[in-house]
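Since the structure comes first, as structure tokens, the remarks are kept for the end.
Read-outs: derived from the displayed coordinates by stated rules, not from any lab. Predicted model, so just to flag it, every value in this text is computed and none were measured. Note: ideal-geometry Cβ built from the backbone for every residue, glycine included; neighbour counts use all protein chains shown.
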Amino acid sequence: MNPPASAPALSTSGLNKRFGSLVVANEIGIALPQGVRYALIGPNGAGKTTLINLMTGMLRPDGGHILLGGDDITALTPEARVGRGLVRTFQINSLFPHLNPLEAVTLAVCEREKISRTFWRTTADYRTAVDEAYDILKSLLLAPVCTRETRELAYGQQRLLEIALALATKPKVLLLDEPAAGVPRDESTELFTAINSLSKDITVLFIEHDMELVFRLASRIIVMVSGGILLEGTPDEISADPRVREVYLGGAHG
């Protein structure tokens, strides 16, 4: 049964999580429309990564529900959620350092198509997978380095490769936990430009501490404080809210 056309791409309701007496998620309710670029911000310890872990199944909530396109996925495994289209990036440079980007993304496509066991055979399916992998890399401006070993890539290119691997799964919702962490300033702008140019069929939620990038590239922003949602709004609404200035921005954005 297909969800209603108005169903959010990803939503949560009453999401709770605690570790002993420490509350890390408190009645979290969000709704992300299809194709929107959302930023998730907040001070250290606000619960941002915990929320990502709950939505992807890395943590089990103590209460509440998680819906993907209207379907309740609260009880699904992380792998099953990926199969449904909910994907987060991971550190490719620590997993496939001796593969080149074309090999790594082709492998991910083959895994999605359940042909990974025949990865090194010359078949029509393999050729199709290579072509798809190359198109993904080209869309992220990685075609010129697609045959270079991953460990030799600039760090910004490695982060783009993480996104390429995620795109190989054909996600509906893409979750990015600090994609620009450790990336030099001159590379981070290119990184987020690539993120912003992704298909509008994909909803993107990213955690980022660089407020200049957040306010320039996100169409909506969610602010978390102490395991809960403080507010949500457009960049202008967020920057003008005195509560945000007090708890996070320190008056830096006006």
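On the basis of the beta-carbon distance and an R0 of 30 Å, R60 and Q34 show a calculated FRET efficiency of 0.70. What is the diffusion coefficient of the chain in µm²/s, taking the Kirkwood radius over Cα pairs and the Stokes-Einstein relation at 37 °C with a viscosity of 0.692 mPa s? The calculation lands on 172 µm²/s. Taking packing as the residue-averaged number of other Cβ atoms within 10 angstrom, the listed peptides 70-80, 103-113 run from highest to lowest as 103-113, 70-80.
Straight-distance candidates among the lysines for linking to K138, with alpha-carbon spacing under 26 Å and chain neighbours fewer than 8 residues away dropped: K114, K170, K172, K200.
Under a model in which nothing but the beta-carbon of Lys, Arg (+1) and Asp, Glu (-1) is charged, the range 163-227 shows a dipole of about 380 debye around its Cα centre. Take every pair of alpha-carbon atoms less than 8 Å apart whose residues are at least six positions apart; their mean separation over the length of the chain yields a relative contact order of 27 percent. Taking 10 °C and 1.306 mPa s as conditions, the range 177-238 diffuses translationally at an estimated 126 µm²/s according to Stokes-Einstein applied to its Kirkwood radius (Cα pairs). Based on DSSP H runs of at least 4 residues, each adding -39500 (n - 2.57), what is the mean residue ellipticity at 222 nm of the chain after dividing by all its residues, to the nearest 500 deg cm²/dmol? So the helix-based figure for the chain works out to -9500 deg cm²/dmol. Subtracting the Cα-Cα distance of F19 and T234 from 0.36 nm times their residue separation leaves 74.2 nm of extension gain.
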